[in-house]
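Only the coordinates and a few stated rules stand behind these numbers; no lab work does. As the structure is a prediction and not an experimental result, all values here were calculated from the model. Because the Cβ atoms are built from the backbone with ideal geometry, glycine has one as well, and the counts that use them run over all protein chains shown.
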Amino acid sequence: MENQEYNTQERTRSYAEKPENNLVWGILCTVLCCLPFGIVSIVSATRVDSLWAMGAYDQAIAEAAKAKKWAMWGAIGGVIASILIIIFYVILFLISYHQY
Amino acid sequence: MTKEDLKKHKMAILFPIILVVLGIIYYNMDPTASNSFFPKCPMKFITGYNCPSCGIQRAIHCVLHGEFQKAIQYNLFLTISIPFAFIVIIASWYNFNHIFDGLNKFICNRYVLITYIILYFSWWIIRNILNC
């Protein structure tokens, strides 16, 4: 019973404020070359505000989380790929260095 | 400033620091130099095609040295995307006391973002056809 009460309290608290739509990460992801996942993030981010305005609070929160998730995967993918490419360059450099 | 404020405005504080550090790195190192270890764009590395943001590192190096014309030649789309990214950053991270609520409304506008996405994809196609 107490737990249930806590839950409703928690819900009203989280409903009081519109979730951060995480658009900024999607835009940064597309600008900084982190693969096209940024576009998915932007599309989700656009839905947050309109869903919130319609009163679909749960869906709005879910979309915001989705926007964050895709931007994050884009960034992680971009960083991992960049590190792999740097390692590749270093190996190439070492090989050419040893040949002479 | 309370601890919660600090957590909330974490990016507002971190962003200028990141900007300055990257500025120093890109001012001093030339990505076109043969001995540079700057990572090539993963898309370009794998497919050989330019992605919409390819050339950003070379362009930033040129801009920091005042060579604007050369920077535009590397990537024309950056003249749209970087100012837009700055607007989005200011509106979302520096929205203290709701001063940028109007700007927030503008960037979250469906049509603004659809235009951005359409420009992004058309630039992607055009630059690979015209090879620019």
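Numerical summary
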read-out	value
MRE, 222 nm, helices only [DSSP H, n ≥ 4, -39500 (n - 2.57), over chain B, to nearest 500]	-21000 deg cm²/dmol
Part-to-part distance (alpha-carbon centres) for segment A:52-98 and segment A:17-45, which is given in Å	11 Å
Residue-by-residue Karplus 3J(HN,Hα) for segment A:75-86, coefficients 6.51, -1.76, 1.60, Hz, glycine and proline x	5, 4, x, x, 5, 4, 4, 5, 5, 4, 5, 4
Charge dipole of chain B about the Cα centre (unit charges at C-beta), most positive-ward option of B:PRO16, B:GLY66, B:ILE129	B:ILE129
Cα centre as origin, Lys/Arg/Asp/Glu Cβ charges: segment B:3-130 dipole, Debye	240 debye
Helix runs (DSSP H) in chain B reaching 24 Å along axis by Cα, Kyte-Doolittle at least 0.0	B:10-28, B:110-130
In order through segment A:55-66: 3J(HN,Hα) via Karplus (6.51 cos²θ - 1.76 cosθ + 1.60), integer Hz, x for Gly, Pro	x, 8, 5, 4, 5, 4, 5, 5, 5, 4, 5, 5
Lysines with Cα under 26 Å of A:LYS68, excluding same-chain neighbours fewer than 8 positions away	A:LYS18, B:LYS3, B:LYS7, B:LYS8, B:LYS10, B:LYS40, B:LYS44, B:LYS105
Separation between Cα centres of segment B:86-132 and segment B:13-44, rounded to whole Å	23 Å
Prolate/oblate/rounded label for chain B (Cα gyration tensor, a/c 1.5)	oblate
Normalised contact order of chain B, rounded percent, pairs of Cα under 8 Å and 6 or more residues apart	22 percent
Theoretical gain in end-to-end length, B:PHE96 to B:ILE117 [0.36 nm per residue, Cα-Cα removed]	4.7 nm
Equivalent ellipsoid semi-axes, the protein assembly as shown, via Cα gyration tensor eigenvalues times 5, rooted, Å	37, 20, 18
